[in-house]
1. Let me check I've understood the local charge: for Ala48, count other residues with C-beta under 10 angstrom from its C-beta, Lys and Arg +1, Asp and Glu -1. What total comes out?
2. When the Kirkwood radius is taken over all Cα pairs of the stretch 30-103, what Stokes-Einstein diffusion coefficient follows at 37 °C and 0.692 mPa s, in µm²/s?
3. Given the peptides 90-103, 6-19, arrange them by the average over their residues of other C-beta atoms within 10 Å, most packed first.
4. Counting only residues 5 or more places away or on other chains, whose amide H sits under 5 Å from the amide H of Leu76 once H atoms are built in the peptide plane?
5. Report the local net charge at His88: Lys and Arg +1, Asp and Glu -1, summed over other residues whose C-beta lies under 15 Å from its C-beta.
6. Determine the gain in length on full extension of the stretch Gln46-Leu69; use 0.36 nm per residue of separation and subtract their C-alpha separation, reporting nm with one decimal.
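Each value in this text was obtained by applying a stated rule to the coordinates, not by laboratory testing. Here the structure is a predicted model, which means the values were calculated and not measured. Here the Cβ positions follow ideal geometry from the backbone for every residue, glycine too, while neighbour counts run over all protein chains shown.
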Amino acid sequence: MTKEQWVRQLGEATERTIRWYPAWNDRQEMITNCGEYPNVPLLRTQGAVNYNPELTARQAGYPMVSGPLQEALTPLWVEGAQAHRGEHHRKIQRAWASIIKKRATW
């Protein structure tokens with residue numbers, strides 16, 4: 001595409017003609033939390049950590065209507081083998097049995 005064609009195409013672009021994320025990433029629902037956790041706990045090979053999907057929703061092309069609750073920002077960080085042998089592991093496994101999803105317009 002020539003420079004002139006790019007300029008014309010971008011000049012004619014509207015919100016409806018721009019794909020803000022790849023088509024394979026088009027989601028209707030997102031996991032917002034699991035079980036009693038206010039966010040999403042993840043087991044790693046060397047521990048456990050969590051992430052807050054409300055903060056990452058923007059990366060998937062969804063607007064952030066309001067900021068996340070302070071409770072949802074509480075970090076979970078467990079290092080080493082204790083994450084896989086102790087209560088943390090069992091609690092995270094149970095949490096993933098009750099996944100909570102919300103529509104993309106949250």
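1. Working: positive: Arg44, Lys91; negative: Glu79.
Here the count lands on +1.
2. Numbers: Rh = 12.9 Å.
Calculated translational D: 255 µm²/s.
3. Numbers: 90-103: 13.4, 6-19: 8.6.
Highest to lowest by the protection proxy: 90-103, 6-19.
4. Placed amide hydrogens put Asn50 under 5 Å from Leu76.
5. Details: positive: Arg44, Arg85, Arg90, Lys91, Arg94; negative: Glu36, Glu79, Glu87.
Taking every other residue near His88 into account, the sum is +2.
6. That pair, Gln46 and Leu69, stretches by 5.5 nm at full extension.
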